[in-house]
Structures are given as structure tokens and as C-alpha cells.
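To start, the structure under review is shown below, and the notes come after it.
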Amino acid sequence: MTYENENVQRILLGDVEVIRVIEWHQPFLPASEMFPAVGDDVWKANEAWLDPDHWEPDSGKTVSALQSWILRSSGRTILIDTGAGQGRERPGMGPFHRAQSDFPGLLTKAGVRPQDVDVVVNTHLHVDHVGWNTIDADGQWVPTFPNARYLIPAADDFHYGPDNAYGNGAQEVDRLIYQDSIAPIHQMGQVELWDGLYRIDEHLTLESAPGHTPGSSVLRLVSGTDRAVFVGDLLHSPVQILQPCCNSNACLAPGQAAASRRRILERAADERELLVPAHFGGAGALEIKRNGAEFALGPWAAFEPKREQSGSE
């Protein structure tokens with residue numbers, strides 16, 4: 001299901017270039033496990049468009065993309081989320097345990113060198129959003145992007161860090177993630193913690209949307225007449241547009257997550273924002289519409305393959 005020679009794609013929104021970097025696109029977890037509150041009838045009723053990009057009927061598994069987003073805005077390069085990383089110890093985390101990836105190669109295809117990145121946004125601190133924050137340099141984890149400011153939600157840094165004993169000690173992997181992907185960034189003085197609202201530039205604003213994690217956040221883009229909202233893990237599947245009350249199995253505060261999701265969907269529909277989730281396959285992003293008190297899917301985004309170029313251009 002991986003795009004052949006199309007794992008780096010672009011779209012222009014106003015004055016902001018958006019580059020999509022797809023590490024993989026494949027079956028993930030059974031739908032009944034990933035979305036326990038979504039009935040089998042919902043998947044079957046929408047099979048015609050869910051298959052093959054979002055759901056695999058024969059296995060019953062959801063299909064997900066592991067991807068990041070690069071924004072070129074106001075003369076700077078902003079990277080949203082950094083995937084699962086390379087060779088990390090992630091016991092119990094399925095495909096993320098000792099994952100192999102050519103994320104640096106994909107960045108090169110996008111024309112981005114590590115030293116070119118000015119800002120890294122971690123929408124939240126889950127395993128598949130922070131892994132390439134750091135790289136292994138002779139046995140020591142160091143920042144992958146040496147010139148970047150890493151914007152990290154303060155609530156997540158507290159919850160998953162030593163102050164709250166690595167997610168209240170719920171799972172050992174949270175300590176491993178923090179120690180190899182977050183702590184080294186702190187040690188180098190490259191972290192900026194934020195809460196509530198944070199303006200990156202005249203086009204880009206971070207906004208708290210808690211529930212999936214305590215500090216889960218979205219990034220809003222406004223440029224000219226174009227609007228977009230990068231929602232991280234607020235949604236994992238398009239079925240959550242149809243049933244926004246239904247959470248993934250990874251939402252720590254289900255009621256709060258559902259409220260954040262509905263709020264963001266309402267605004268996206270009313271303001272015609274392009275909805276850009278972290279893990280949607282297929283075209284990866286879409287408009288949504290009001291359907292009475294609920295929502296319906298609108299047009300999918302028109303990304304095009306990104307021309308490969310030198311990172312020094």
C-alpha cells in the first residue's frame with residue numbers, strides 16, 4: 001500500500017508549502033481493538049471508500065500511515081512530528097519496536113537537511129510522533145535537528161517526564177520514549193514548552209486540544225483564503241468524522257478527547273479548514289461538511305509528487 005515513488009508529496013496553501021513525508025502505509029490493528037466503540041456495521045456500511053486506504057475488510061484491520069509534515073512558512077522550515085525513529089527499544093509496541101526507517105532519506109527527497117529545520121513540533125509525546133527527534137551518535141542520543149527549536153506541549157512533558165514519573169508508570173515504554181527522544185533535547189537546551197495557544201508565525205498557530213494525551217495539540221494554518229488544521233492523533237480514521245464520539249484505544253481521557261475532536265471538527269467545517277490528521281492513508285487530508293448535527297466527508301486534498309532536489313537548494 002506504500003506509494004510507489006510518491007512518498008514525498010506537496011500542496012501549496014496560500015503562501016505556505018506543505019510537504020507530506022510518508023514512511024509507511026499499511027494494515028495496523030484490528031478495527032475492533034483500535035476503535036472499540038465503532039460497530040462492525042459502520043465499517044461494512046462504508047466499505048466502498050474505506051477499502052483499501054483506511055480499512056482492510058478481509059482481515060478487519062485498520063490501515064494507517066506513519067507520516068510527518070514539513071511546512072515552509074515565512075522563510076522557515078517547520079517539521080510536524082517525527083515518526084517512530086530507528087532501532088528503538090519499544091517492547092510491546094508492535095511495528096515500533098526496533099523499527100527500521102529511511103526518514104532522513106525521505107527528508108533529502110523533500111529537499112530538507114537536518115540543519116535546515118528551524119522548528120520541530122511534537123503534537124504530543126506518543127511513540128510514533130517523537131522518534132526522529134534524536135539520533136544515535138556513537139551510543140549517545142543527540143538532537144537530529146541541531147538548529148531547531150522543539151515545541152513540546154508542557155502538559156505532555158510533565159505527564160511523560162520524570163516529574164510525573166513517566167506517565168504515572170502505566171507502561172515502561174513511556175520512560176524509554178522520554179529518555180531517548182525527549183530528555184536529550186532538554187539537555188541541549190532546544191526545548192520550548194508551551195500551553196494554551198502558541199503563535200509560530202503569521203500563518204501558523206498551535207492550540208491545545210487535550211484528551212488523547214494531556215497536552216495533545218493541533219496546528220492551525222491560515223494563509224490568504226486557505227485554511228488547514230493539522231490535528232495529530234485527534235483522529236486516527238475517517239470513521240471518527242462520522243462518529244466523533246468514538247475514541248481510539250490510545251485516548252487517555254476519552255470524554256475530553258471526544259469533546260476536543262468535536263470542537264475541532266465543528267470549526268473545520270464552519271471555516272472550511274483542510275483537515276490534516278497524522279495517520280490517514282490515501283490522500284491523507286480532506287475537507288469536511290456539516291451533516292445536520294453531525295459531519296460528512298468532503299473533497300480529499302490534491303497532493304502532488306514532490307520533485308526530488310538537493311537539500312542545499
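Figures for the structure shown
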{"item": "Strands (runs of 3 or more DSSP E) wholly inside the range 92-146 that include at least 3 residues being modelled with pLDDT under 95 and either surrounded by 14 or more Cβ atoms within 10 Å (Cβ to Cβ) or among the hydrophobic types (A, V, I, L, M, F, W, C) (or both)", "result": "none"}
{"item": "Condition broken by P299, with the remaining ones in (1) part of a helix (DSSP H, G or I); (2) surrounded by fewer than 20 Cβ atoms within 10 Å (Cβ to Cβ) satisfied", "result": "(1)"}
{"item": "Tally, over the range 24-35, of residues that are farther than 20 Å from W300 by Cα and open to solvent by less than 70 Å² (accessible area, probe 1.4 Å)", "result": "7"}
{"item": "Hits in the range 147-179 - residues which are buried (at least 24 other Cβ atoms within 10 Å of the Cβ) and among the β-branched types (V, I, T)", "result": "I152, I177"}
{"item": "Verdict on L206 being closer than 16 Å to L125 by Cβ, open to solvent by less than 30 Å² (accessible area, probe 1.4 Å) and at pLDDT 95 or above", "result": "yes"}
{"item": "Residue within the range 183-192 that is within 15 Å of A268 (Cα to Cα), in contact with a helix residue (DSSP H, G or I) (Cβ under 9 Å, 6 or more places away or on another chain) and open to solvent by less than 20 Å² (accessible area, probe 1.4 Å) present", "result": "no"}
{"item": "Pair list, Cβ under 8 Å, 6 or more apart: the range 35-48 residue free of Cβ contacts under 8 Å to residues at least 60 places away in the same chain, other residue surrounded by 14 or more Cβ atoms within 10 Å (Cβ to Cβ) and among the hydroxyl-bearing types (S, T, Y)", "result": "D40/S32"}
{"item": "Filter result for G232 (surrounded by 22 or more Cβ atoms within 10 Å (Cβ to Cβ), over 19 Å from A285 (Cα atoms) and of a type outside the set (S, T, Y))", "result": "no"}
{"item": "Residue among R272, R267, R220, R227 that is closer than 21 Å to T82 by Cα, among the basic types (K, R) and open to solvent by 20 Å² or more (accessible area, probe 1.4 Å)", "result": "R220"}
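Yes or no, residue by residue, for (1) part of a strand (DSSP E or B); (2) buried (at least 21 other Cβ atoms within 10 Å of the Cβ); (3) touching a Pro at 6+ places or on another chain (Cβ under 8 Å):
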{"residue": "L12", "(1), (2), (3)": "yes, no, no"}
{"residue": "I19", "(1), (2), (3)": "yes, yes, no"}
{"residue": "A37", "(1), (2), (3)": "no, no, no"}
{"residue": "T62", "(1), (2), (3)": "yes, yes, yes"}
{"residue": "I70", "(1), (2), (3)": "yes, yes, no"}
{"residue": "I78", "(1), (2), (3)": "yes, yes, no"}
{"residue": "T82", "(1), (2), (3)": "no, yes, no"}
{"residue": "R88", "(1), (2), (3)": "no, yes, no"}
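The values are calculated or read from the model by the stated rules, or taken from the named source; none is laboratory data. Fair warning: this is a prediction, and the values are worked out from it, not measured in the lab. All Cβ positions, even for glycine, are placed from backbone atoms using ideal geometry, and neighbour counts span all protein chains on display. Note: areas computed on protein heavy atoms with side chains; ligands, DNA, RNA excluded. Shrake-Rupley method; radii C 1.70, N 1.55, O 1.52, S 1.80 Å.
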